[in-house]
Amino acid sequence: MPVANMQSFRSVALRVHSSAFAAQGQAMQLESSVLAKLHQACSFEQIMGAQAAHADVILDLNVTHAGRGGGGIISNSSTARLDTLLVISDGESGDLLGTARIHGESSGMIINNAPPENEAIDVVAKAVADMFVKSGCTGPRVAKVVPPPPEPLPPTETKPDESHRAEAEKLNEDGKQKLFVADVQGAIAAFQQANALLPDARYEYNVCSALGAAEQWDNAIAACKQARTLNPQPALVAKIDHKIDLLQHHQ
């Protein structure tokens, strides 16, 4: 499934995290494999690792679980499984662009005495690259659409109380940092607190994104629909509508 429109992005940076102790040694291998697959599949001008100082789009790929035995009814000790959470954000604005749960599982066949973890890593890397191909990472780069300036609120519409903006922004940023390292429940709580303090379509859209990462599809759709009612800017409206469409395919 596509997660966001990648056609206007020229550079990408990948950060791999691991909250699964057993997978600490696999993080560097996963980073190398994903970067290699993106180089092969995409037309970004720059594809960089975590050391990059700046990129148009940031990928935070979190290893949330790693182990042997597979996910089926019959356990096979030769089968390796790698569960990950991908969080995509705009490197310029910091806005969340999309999330995806990606599960990699080896075939259960030992090939050339290679550890099955290598195959599970390759499955995840290929899934990331395939997702980006479907999101428009191939072909020439196109100019980024600049959203029009916000229209003034109608005289009859009550303006939000901006006195809590700084605190709400801090909570929103805290939520994003939690999501980047796969603390999904912490991210949901922070985004919800930000929106409760100062209702804003951006905060509610982030609630929607985090609920989607938690695979709470119905709640995520409800949050995105709520964001739609909070006077979002045109660029955010397009993101909300795209997110709702993706979420409805998961229901």
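The values are calculated or read from the model by the stated rules, or taken from the named source; none is laboratory data. Fair warning: this is a prediction, and the values are worked out from it, not measured in the lab. FYI the Cβ positions are ideal-geometry reconstructions off the backbone, even for glycines, and counts take in every protein chain you see.
Here are the numbers:
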quantity	calculated
I110 modelled with pLDDT under 90, farther than 20 Å from L247 by Cα and hydrophobic (A, V, I, L, M, F, W, C)	yes
When residues of segment 196-249 are limited to those that are among the charged types (D, E, K, R) and assigned to a loop (DSSP other than H, G, I, E, B), the one nearest to K170 (Cα to Cα)	D200
Matching residues in segment 178-192 - criterion: being buried (at least 17 other Cβ atoms within 10 Å of the Cβ) and either out of contact with any Asp or Glu (no Cβ under 7 Å at 6 or more places or on another chain) or among the hydroxyl-bearing types (S, T, Y) (or both)	K178, L179, V181, A182, D183, V184, A187, I188, A189, F191, Q192
Residue pairs meeting the criteria (Cβ under 6 Å; at least 6 apart or on separate chains; first of a type in the set (V, I, T), in segment 189-213; second assigned to a helix (DSSP H, G or I))	V207/F191; V207/Q192; V207/A223
Residues located in segment 196-221, provided they are aliphatic (A, V, I, L, M) and in contact with a helix residue (DSSP H, G or I) (Cβ under 8 Å, 6 or more places away or on another chain)	L197, L198, A201, V207, A210, L211, A213, A214, A220, I221
Residues of segment 202-223 satisfying the condition of being more than 16 Å from A189 (Cα to Cα) and buried (at least 18 other Cβ atoms within 10 Å of the Cβ)	I221
Residues (free of Cβ contacts under 8 Å to residues at least 40 places away in the same chain and within 14 Å of the chain's Cα centre (by Cα)) located in segment 221-248	L247
Which listed residue, of L35, L59, is at pLDDT 95 or above, assigned to a strand (DSSP E or B), under 17 Å from the mean Cα position of the chain (by Cα) and in the same structural domain as M109 (by TED's automatic domain parsing)	L59
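Per-residue answers, yes or no, for (1) under 24 Å from G91 (Cα atoms); (2) modelled with pLDDT under 95; (3) of a type in the set (D, E); (4) outside the structural domain of A50 (by TED's automatic domain parsing):
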residue	(1), (2), (3), (4)
K176	yes, no, no, yes
V181	yes, yes, no, yes
I188	yes, no, no, yes
F191	yes, no, no, yes
A194	yes, no, no, yes
S209	yes, no, no, yes
E215	no, yes, yes, yes
P234	yes, yes, no, yes
